[in-house]
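Q: My questions all concern the structure below.
The values are calculated or read from the model by the stated rules, or taken from the named source; none is laboratory data. A quick note: this is a predicted structure, and the numbers were derived from the prediction, not measured. Virtual Cβ from ideal backbone geometry, glycine too; neighbours counted across all protein chains shown. Areas reflect the complete protein model, heavy atoms only, side chains present, ligands, DNA and RNA absent. Shrake-Rupley method; radii C 1.70, N 1.55, O 1.52, S 1.80 Å.
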Amino acid sequence: MGPITLLGAIDPGLVTFLSPEIASRMQFGWTISVHIIFASLSIGLAPFIIYFTWKDVRTNEQRYARLRSFWVKVFAAGFVMGTVTGIPMSFQFGTNFPQFAEVAGELIGGPLAFEAKMAFFLEAVFLGVLLYGRDRVEDRTYVISSVLVGFGAWLSGFWILIVNAWMQTPRGYEMVTRNGMEVAKLTDPFAAFLTPRMPWMYVHMMNASVISVALLVAGVSAYIVWKKPDTEAWNTALKLAVVLLIISAPFQAVHGDAYGRHVEDTQPQKFAAMEAHYETGEADLHLLAFPKSPEALTDPRAENLVTVSLPAVGSFLASGGDFDAEVIGLNEYEENPPVALVFWSFRFMVGLGFLFIGLALWGGYLMYRGRLSDSTRYLKAMIAASPFGYAALLTGWYVTEIGRQPWVIQGELKTSEAVSSTLTGAEATLTLVGFVVLYVGLMLTALYILKWLVREELRSLGVRESSGGRWHGPIPWVSSDD
Amino acid sequence: MTDPLLPVDAYLVESLPEIWFGAVLFALGMYVVLDGFDFGIGMLYATRTDERERETFLAAFGPVWDANEVWVVAFGTMLLAAFPRVYSRLLADNYLLALGFVLALVFRGLGPELREQRDDERWKRYTDYAFIGGSVFAPLLLGMLAGRWLFGGATLPVALTGVGLVAVSIVTGAAFLAAKTEPGLASELRAYGIGATLAYLGGVVVLLGTVVLTDAGGAADAVLSLPVAAVVALSVAVGLGGSVLARRGQYRAWLASALSLPTLLTILVAILLYPTIYPPTGLLVREAVVSPLALNLVTVLGFPVLLLVLWYFKFLYGVFSGPIEGEGYGG
């Protein structure tokens, strides 16, 4: 007699549960949202960790030792969070979507196993050395360990995105019957691993991680520099993060534009949802879109929006140069993804992307004038912007994942067919609640850890907590409440 | 397009499906052995009240537990890669157990990580609860999952498998710590280790006896076989021999024998399963395995990497060998 029957015994009518499919989708969406934040933190921090470790060992300068020690602690906390959120995910294919695991097992099992064996082990083993082995291994081994940890993080993303890209643009398989079930049989490993989507997704995701972490590093550095302007270490970190942002933010826009054309070629339904484009034909590009009524938030048809649009530019972008090109509309399909979520997520992501370019250019200008650390306005802007990289990354992920619904494997298997047939609404709902509560706690803890680390860093720099006044910023971890 | 490097319609070697059955259980065994002593450390941690001793325990497993834990992901993904039907049925049929296990791992992992972040008594107490609770429930639920895999829904054998994994984790945890700490602490720990060894051996005998009497999961015949008898006899010999070594203070030798207990347990699981791989459905290894090209590919790409991984572990344990220097969990 589990908790479910207990609840039912009190009053069955009081307890209503979500359907297994909806609860499973929410559970997977929620866990991956949290996991992806920590996974991309590892990916984006990797270049910083390697650089600081290398400079520390080579130059013996105190500022690099300080930066290395601080960011390795953040990396370690993020890695633990990434691991504890990633392990449930590796089992959720089986617990919640066993039909998907069985149909796609032959195609996705290999890459997932390679991820564990080639990447995850590498990261976990050498992180142990990086965290605890400073006095136990030679300098060179220590630097190599940092490189291997970073390499592991980037390789991990590679194998995971092979799986995801295959689900978006599946190739290299045929459907066969095994044990009374239609399953995908691997016929061509090269086609299956290097699907058309793979290079697009990998570049976009890795760069998004770099942008997110550059903003985070810039935000933390700006905060510390703002509190203690003459710190050599954190001025270095700030400069480095802004330089990285100047490279990565504009690149993401250029790359994203071409990526969009690829999506239109391979997943026209997703592209139509991104643009709320219902009627097949010439498409406008909505640069800005505001809802006229609350309903337009959930059904963003062009007529329900006040838009600033470039006529026919949607066609131009989708086709790569033809203003009259026909763009397939959502009305062509029987079942569509939740258009509003995809449409607004896409706008949110792109909007933030342009904000990042603006911040990068502003920082570049200040750096050119040699006033990067003196501009309080810029420091405050960077502090405020520090969580936005993750907001863009998550909304971008929603465009990709919600945009391909109703398919879990594009054109082959619907999400509704992938869900466990033995799962009850009660089990799925209760575990969903469990995951939500636990992971909210986990994210709050991660923010607190960052806050404690920053505070400790300030203390060791000799900044007294009362000095410099209180920060009434928009982000909780920088407000010093106690 | 066909891949000229790999046979498409035939396994690289005839027995490749059986080799993969072995490989998947090898990954499970590595997990049960390596993270097993981490769980044991977590449970023995509950017996310590002295702050310095607690920190010694955390320092003992700090550099390695993260890497140890990856073996469970290796096991899950290798099972998915080679036997997707088993992966999906095992996890879907045991939904709450499987998610309970991974949630216990979340708590076990977070506890020590968070503990050092804040110098506050109450904070430390809560993170310790998470660490200890996770260390108890993770092996218990994993053992029960293995019990369900072997014996289906039979309650007593499933529960005993869970308890057995808890007991064997305490044995390995105690032996690992004894080999790395000062003599006073080590002799306290060996008492727990010897007690857990006797409990474990008794539990295995009761478990197998129950299975024979009730024919739980139709496994009675499999239990009454020569290989099972040999593994059980060997476990008893190793367990008792290890306890004698522990009494004599030969902790490194005790550790070696203690680590062979979960190894033998995994071999027992393999014997009880084979030639079926998912007894509740009667599915055989050969029926559940993926097609030749896919299996050949994961073999050619995966096995050399597996050897490399074993080399990493040798390196890692080499770097952190010897007695704990009390550097603390935070490094």
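Q: Restricting the search to region A:113-152, which residues are open to solvent by 30 Å² or more (accessible area, probe 1.4 Å), in a loop (DSSP other than H, G, I, E, B) and at the interface with chain B (Cβ under 9 Å from one of its Cβ atoms)?
A: Across region A:113-152, the qualifying residues are A:134, A:135, A:136.
Q: Identify, by number, the condition in (1) farther than 27 Å from residue A:129 by Cβ; (2) open to solvent by 10 Å² or more (accessible area, probe 1.4 Å); (3) free of Cβ contacts under 8 Å to residues at least 40 places away in the same chain that residue B:148 doesn't meet.
A: Failing condition for residue B:148: (3).
Q: If you don't mind, there's one more thing I want to ask. List the number of the failed condition for residue B:205; all other conditions in (1) in a helix (DSSP H, G or I); (2) crowded, with 17+ Cβ neighbours inside 10 Å hold.
A: The failed condition is (2).
Here is a yes/no grid of residues against (1) assigned to a helix (DSSP H, G or I); (2) modelled with pLDDT under 95:
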site: A:214; (1), (2): yes, no
site: A:230; (1), (2): no, yes
site: A:233; (1), (2): yes, yes
site: A:245; (1), (2): yes, no
site: A:251; (1), (2): yes, no
site: A:254; (1), (2): yes, yes
site: A:271; (1), (2): yes, yes
site: A:288; (1), (2): no, yes
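Q: Which ones in region B:247-278 are closer than 28 Å to residue B:148 by Cα and open to solvent by 30 Å² or more (accessible area, probe 1.4 Å)?
A: Selection gives B:259, B:260, B:263, B:265, B:267, B:271, B:274, B:275, B:276.
Q: Here are A:272, A:276, A:249: which of them is of a type in the set (A, V, I, L, M) and at positive phi?
A: Sole residue among the options that is of a type in the set (A, V, I, L, M) and at positive phi: A:276.
Q: Okay, next question. Read through the list (1) assigned to a helix (DSSP H, G or I); (2) at pLDDT 90 or above; (3) loosely packed, with under 14 Cβ neighbours inside 10 Å, then give the number of the only condition that residue A:335 fails.
A: With respect to (1) assigned to a helix (DSSP H, G or I); (2) at pLDDT 90 or above; (3) loosely packed, with under 14 Cβ neighbours inside 10 Å, residue A:335 is out only on (1).
Q: Continuing with the same structure: Can you tell which of B:154, B:98, B:92, B:159 is among the small types (Gly, Ala, Ser), over 29 Å from residue A:181 (Cα atoms) and touching a helix residue (DSSP H, G or I) at 6+ places or on another chain (Cβ under 9 Å)?
A: Of B:154, B:98, B:92, B:159, the one residue that is among the small types (Gly, Ala, Ser), over 29 Å from residue A:181 (Cα atoms) and touching a helix residue (DSSP H, G or I) at 6+ places or on another chain (Cβ under 9 Å) is B:159.
Q: Separate question: Restricting to region B:153-175, what's the tally of residues that are open to solvent by less than 20 Å² (accessible area, probe 1.4 Å), touching a residue at least 24 places away in the same chain (Cβ under 8 Å) and among the hydrophobic types (A, V, I, L, M, F, W, C)? Break it down stepwise before answering.
A: Narrowing region B:153-175 to residues open to solvent by less than 20 Å² (accessible area, probe 1.4 Å): B:157-158, B:162, B:164-165, B:167-169, B:171-175.
When the remaining residues are screened for being touching a residue at least 24 places away in the same chain (Cβ under 8 Å), the result is B:157, B:164-165, B:167-169, B:171-175.
In the following step, the residues that additionally are among the hydrophobic types (A, V, I, L, M, F, W, C) were identified as B:165, B:167-168, B:171, B:174-175.
Matching residues across region B:153-175 total 6.
Q: If you don't mind, another one. Note down all Cβ pairs under 8 Å where the first residue falls in region B:301-321 and is facing chain A (nearest Cβ under 7 Å) and β-branched (Val, Ile, Thr), the second is open to solvent by less than 60 Å² (accessible area, probe 1.4 Å) and outside any helix (DSSP H, G or I), and they're at least six residues apart or on different chains.
A: Qualifying pairs under 8 Å: B:319/A:133; B:319/A:137; B:319/B:63.
Q: Another question about this same structure. Going by what's in this entry, would residue A:72 be described as of a type in the set (Val, Ile, Thr), within 30 Å of residue A:236 (Cα to Cα) and within 8 Å of another protein chain (Cβ to nearest Cβ)?
A: no
Q: Let me ask something else. May I ask you to say which residue of A:385, A:392, A:381, A:360 is away from every other protein chain (no Cβ under 14 Å) and open to solvent by 20 Å² or more (accessible area, probe 1.4 Å)? Before the answer, list the steps.
A: Numbers: A:385 fails: open to solvent by 20 Å² or more (accessible area, probe 1.4 Å); A:392 fails: open to solvent by 20 Å² or more (accessible area, probe 1.4 Å); A:360 fails: open to solvent by 20 Å² or more (accessible area, probe 1.4 Å).
Being away from every other protein chain (no Cβ under 14 Å) and open to solvent by 20 Å² or more (accessible area, probe 1.4 Å) holds for just one of A:385, A:392, A:381, A:360, which is A:381.
Q: Please go through region A:272-298 and pick out each residue that is in contact (Cβ under 8 Å) with a residue 24 or more places away in the chain, open to solvent by 50 Å² or more (accessible area, probe 1.4 Å) and charged (D, E, K, R).
A: If the condition is that a residue be in contact (Cβ under 8 Å) with a residue 24 or more places away in the chain, open to solvent by 50 Å² or more (accessible area, probe 1.4 Å) and charged (D, E, K, R), then A:279, A:282, A:284 are the ones that fit.
Q: Next question. Name the residues in region B:267-326 that are touching a Phe, Trp or Tyr at 6+ places or on another chain (Cβ under 8 Å) and of a type in the set (S, T, N, Q), would you?
A: B:296, B:299 - these are the residues of region B:267-326 that are touching a Phe, Trp or Tyr at 6+ places or on another chain (Cβ under 8 Å) and of a type in the set (S, T, N, Q).
Q: Let me ask another. Taking the options A:57, A:72, A:84, A:103, name whichever one is over 29 Å from residue A:217 (Cα atoms) and assigned to a helix (DSSP H, G or I).
A: A:103
Q: Would you confirm, using the coordinates I've provided, whether residue B:178 is free of Cβ contacts under 8 Å to residues at least 12 places away in the same chain and part of a helix (DSSP H, G or I)?
A: no
Q: Do any helices (runs of 4 or more DSSP H) lying entirely in region B:29-144 carry at least 1 residues that are surrounded by 23 or more Cβ atoms within 10 Å (Cβ to Cβ), at the interface with chain A (Cβ under 10 Å from one of its Cβ atoms) and among the β-branched types (Val, Ile, Thr), and which ones are they?
A: Qualifying helices (runs of 4 or more DSSP H): B:65-82, B:84-93, B:95-115.
Residue by residue, here is whether (1) under 18 Å from residue A:240 (Cβ atoms); (2) among the charged types (D, E, K, R); (3) open to solvent by 60 Å² or more (accessible area, probe 1.4 Å); (4) more than 28 Å from the chain's Cα centre (by Cα) holds:
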site	(1), (2), (3), (4)
A:317	no, no, no, no
A:330	no, no, no, no
A:340	no, no, no, no
A:347	no, yes, no, no
A:374	yes, yes, yes, yes
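Q: Moving on. Report those helices (runs of 4 or more DSSP H) wholly inside region A:355-444 carrying at least 1 residues which are within 27 Å of residue A:272 (Cβ to Cβ) and touching a residue at least 40 places away in the same chain (Cβ under 8 Å). Let's see the steps before the verdict.
A: Working: elements: A:376-385, A:388-402, A:415-418.
In region A:355-444, A:388-402, A:415-418 are the helices (runs of 4 or more DSSP H) which contain 1 or more residues that are within 27 Å of residue A:272 (Cβ to Cβ) and touching a residue at least 40 places away in the same chain (Cβ under 8 Å).
Q: Could you list all residues from region A:174-209 that are under 28 Å from the mean Cα position of the chain (by Cα) and either within 8 Å of another protein chain (Cβ to nearest Cβ) or open to solvent by less than 10 Å² (accessible area, probe 1.4 Å) (or both)?
A: Quick first cut of region A:174-209, residues under 28 Å from the mean Cα position of the chain (by Cα) only: A:189-209.
Hits for region A:174-209 are A:189, A:190, A:191, A:192, A:195, A:197, A:198, A:201, A:206, A:209.
Q: Now for a different question. What tally of residues in region B:2-27 results from selecting those that are in a helix (DSSP H, G or I), within 14 Å of chain A (Cβ to nearest Cβ) and open to solvent by 20 Å² or more (accessible area, probe 1.4 Å)?
A: Here the count works out to 1.
Q: Then there's this: Hey, among the residues in region A:153-173 that are open to solvent by 40 Å² or more (accessible area, probe 1.4 Å) and of a type in the set (A, V, I, L, M, F, W, C), which one's nearest to residue B:319 (Cα to Cα)?
A: Going through the qualifying residues, I end up with A:154.
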